[in-house]
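The values are calculated or read from the model by the stated rules, or taken from the named source; none is laboratory data. Quick caveat: nothing in here was measured; it's all calculated off a predicted structure. Quick reminder, even Gly has a Cβ in these numbers, built from the backbone with ideal geometry, and neighbours come from all protein chains shown. SASA here: full protein model, heavy atoms, side chains in, ligands and nucleic acids out. Shrake-Rupley method; radii C 1.70, N 1.55, O 1.52, S 1.80 Å.
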Amino acid sequence: MEENVFLVKWYGPFASPEDEKTWEKEQDFKCSLYLLHGMLKGAKTAETYYCGMSTRAVYERLRDKGHHLAEVKNRLNSIYVGTIANVQDLTRWQICVVEKLITAYLAWELGEKQLLNETNFHFPSENVYIINEWYKHYDVDKLWERQPINAPSHIVPDVIASHLRKDGYIDLYGSKKLKKL
């Protein structure tokens, strides 16, 4: 079970891919996850989201030809980048399982039509536990206490657990926002 417990430290929001690139190059840790939030061309009010992963630097992934960023680039609200902080030698599989749980949660919470993702709408077929922490990119030691209601940091729970039952169904547990005691 310990191999499926992840602490994701998210940093953002960044207003542009260029801002994210400049910031990421200055860090001494590698980001493997990212969340995009924006509006499609021609959309009046409908916001859209995308959760992605990369084994390279995120800014390199965002430059790939055909990336979903191009669909919202002119109406981009925010970019958040995440690092899985509790795993030393991170594997592609571990990054994928975290992305899969977050994407499945967003599809469940918002509906598939609000996601640019084309896959990963089903929860992982094993127990996965994620703790999300949301940091200000300009002060990497300072947690966000408030975020806009439509921000990915407000939608993705601080704690999310996907538990596979013996009958094959998934139980989802979580806490939207952890509170200081």
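May I ask you to verify whether E20 is touching a Cys at 6+ places or on another chain (Cβ under 7 Å) and part of a helix (DSSP H, G or I)? Considered against the rule, which asks whether it is touching a Cys at 6+ places or on another chain (Cβ under 7 Å) and part of a helix (DSSP H, G or I), E20 comes out as no.
For R63, the conditions (1) open to solvent by less than 60 Å² (accessible area, probe 1.4 Å); (2) closer than 21 Å to E24 by Cα are fulfilled apart from (1).
Within the range 28-37, being touching a residue at least 40 places away in the same chain (Cβ under 8 Å) and of a type outside the set (K, R) holds for F29, C31, S32, L33, Y34, L35, L36, H37.
The C-beta contact set for the range 13-27 (first residue within 12 Å of Y138 (Cα to Cα) and in contact (Cβ under 8 Å) with a residue 60 or more places away in the chain, second residue surrounded by 12 or more Cβ atoms within 10 Å (Cβ to Cβ) and of a type in the set (V, I, T), distance under 7 angstrom, 6+ apart or interchain) comprises P13/I79; F14/I79; E20/V58; E20/I79; E20/V81. Here the condition is being within 26 Å of H122 (Cβ to Cβ) and either surrounded by fewer than 21 Cβ atoms within 10 Å (Cβ to Cβ) or in contact with a Pro (Cβ under 7 Å, 6 or more places away or on another chain) (or both); of A57, A46, it holds for A46 alone. Checked against (1) within 24 Å of H137 (Cα to Cα); (2) at pLDDT 85 or above, W93 meets all criteria but (1).
Among the listed residues E109, E145, E99, which satisfies the condition of being more than 16 Å from the chain's Cα centre (by Cα) and among the acidic types (D, E)? Explain how you work it out, then say what you get.
On the way: E109 fails: more than 16 Å from the chain's Cα centre (by Cα); E99 fails: more than 16 Å from the chain's Cα centre (by Cα).
On inspection, the qualifying residue turns out to be E145.
Please return the ranges of strands (runs of 3 or more DSSP E) entirely within the range 67-181 where 3 or more residues are open to solvent by less than 70 Å² (accessible area, probe 1.4 Å). Even if it seems obvious, please write down each step before you answer.
Details: elements: 76-84, 128-136, 139-143, 159-164, 170-175.
It comes to 76-84, 128-136, 159-164, 170-175.
Select from the range 20-43 the residues that are of a type in the set (D, E) and touching a strand residue (DSSP E or B) at 6+ places or on another chain (Cβ under 8 Å) and write down the one among them that is least open to solvent (accessible area, probe 1.4 Å). Going through the qualifying residues, I end up with E20.
Being not in a helix (DSSP H, G or I) and not acidic (D, E) holds for only one residue in Y59, Y49, and it is Y49.
Quick one: which of L115, L110, L101 is among the aliphatic types (A, V, I, L, M) and at pLDDT below 85? Walk me through it before giving the result.
Values: L110 fails: at pLDDT below 85; L101 fails: at pLDDT below 85.
Exactly one of L115, L110, L101 is among the aliphatic types (A, V, I, L, M) and at pLDDT below 85, namely L115.
Among the residues making up the range 1-12, those that are touching a residue at least 40 places away in the same chain (Cβ under 8 Å) and in a helix (DSSP H, G or I) are E3, N4.
Can you tell me which residue within the range 37-68, out of those that are among the hydrophobic types (A, V, I, L, M, F, W, C) and modelled with pLDDT of 90 or more, is nearest to the chain's Cα centre (by Cα)? So that I can check it myself, show each step before the final result.
Taking the range 37-68 and keeping what is among the hydrophobic types (A, V, I, L, M, F, W, C), we get 39-40, 43, 46, 51, 53, 57-58, 62.
Adding the requirement that they be modelled with pLDDT of 90 or more leaves 51, 53.
On the way: C51: 5, M53: 8 Å.
Applying the filter and picking the extreme gives C51.
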